[in-house]
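I have placed the structure first, in the form of structure tokens, so that the comments after it can refer back to it.
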Amino acid sequence: VGADGLSYSLTPGLQIYAINQASLYDDYEVCAHITMKYSDEKSNVVGNAAVSLIFWADDPTSRYNFSFSSKDGTYAVYRLQKNKLLTQIPWGEPTPAINKGSGVVNELSVAVRGNHAVFSINNQKVDEFDGQAPDGGSKIGFGMQVPMGEGPVVFGVKDLEVRALQ
């Protein structure tokens with residue numbers, strides 16, 4: 001923890017997910033500035049290191065993840081339900097909304113109103129869909145993962161905010 005926010009160094013095969021237990025949220029936007037510093041930008045591993053904003057979380061086994069990779073400029077949305085991973089929006093073609101490269105900053109945002117979520121990267125809407133918010137409000141958080149075969153990655157999370165939607 002420092003002036004640049006939280007910093008995590010993960011080796012291949014590791015993943016972490018942090019869910020905030022401070023409050024439950026309805027109709028909100030969660031956003032953060034994210035960096036990913038790659039030790040090997042040219043690796044050809046299937047699957048990239050990724051960072052996620054967690055939203056509509058009930059507990060660690062039931063949550064949604066808005067994930068992206070600055071390595072190839074792609075994103076996806078997953079739902080973990082009863083500890084089973086369900087693809088909501090699959091990894092697709094690179095989007096120009098993502099700043100690609102090692103150490104570059106990207107701002108991720110998820111705005112949720114009821115059961116509708118809008119996903120933005122660097123203030124550009126990239127997708128939206130209808131899901132299932134937990135009854136009584138949801139928790140938020142973030143996650144990061146490095147696939148096997150990828151070199152270590154240093155992740156930075158700064159300015160993590162939750163804003164009420166009017």
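The values are calculated or read from the model by the stated rules, or taken from the named source; none is laboratory data. Quick caveat: nothing in here was measured; it's all calculated off a predicted structure. Note that each Cβ is placed from the backbone with ideal geometry, even for glycine, and that neighbours are counted across all protein chains shown. When the accessible area is computed, the model is the full protein with side chains, heavy atoms only, and any ligands, DNA or RNA have been set aside. Shrake-Rupley method; radii C 1.70, N 1.55, O 1.52, S 1.80 Å.
Observations on the structure shown:
- Of all the residues in the stretch 107-166, those that are part of a strand (DSSP E or B), farther than 20 Å from residue 88 by Cα, hydrophobic (A, V, I, L, M, F, W, C) and open to solvent by less than 40 Å² (accessible area, probe 1.4 Å) number 3.
- Candidates 58, 130, filtered to the one that is more than 22 Å from residue 10 (Cβ to Cβ) and at pLDDT below 95: 58
- Filter pass, residue 83 being more than 16 Å from residue 33 (Cβ to Cβ) and of a type in the set (S, T, N, Q): yes
- Of all residues in the stretch 7-32, those that are in contact with a Leu (Cβ under 8 Å, 6 or more places away or on another chain) and not in a loop (DSSP other than H, G, I, E, B) total 6.
- Residue satisfying all of: in the stretch 71-106; basic (Lys, Arg) and part of a strand (DSSP E or B); modelled with the highest pLDDT among these: 79
- Meets criteria (of a type in the set (Asp, Glu) and open to solvent by 70 Å² or more (accessible area, probe 1.4 Å)) for residue 58: yes
- Long-range neighbours under 9 Å by Cβ, at least six apart or interchain, first residue surrounded by fewer than 20 Cβ atoms within 10 Å (Cβ to Cβ) and of a type in the set (S, T, N, Q) within the stretch 26-45, second modelled with pLDDT under 95 and not in a loop (DSSP other than H, G, I, E, B): 39/153; 39/154
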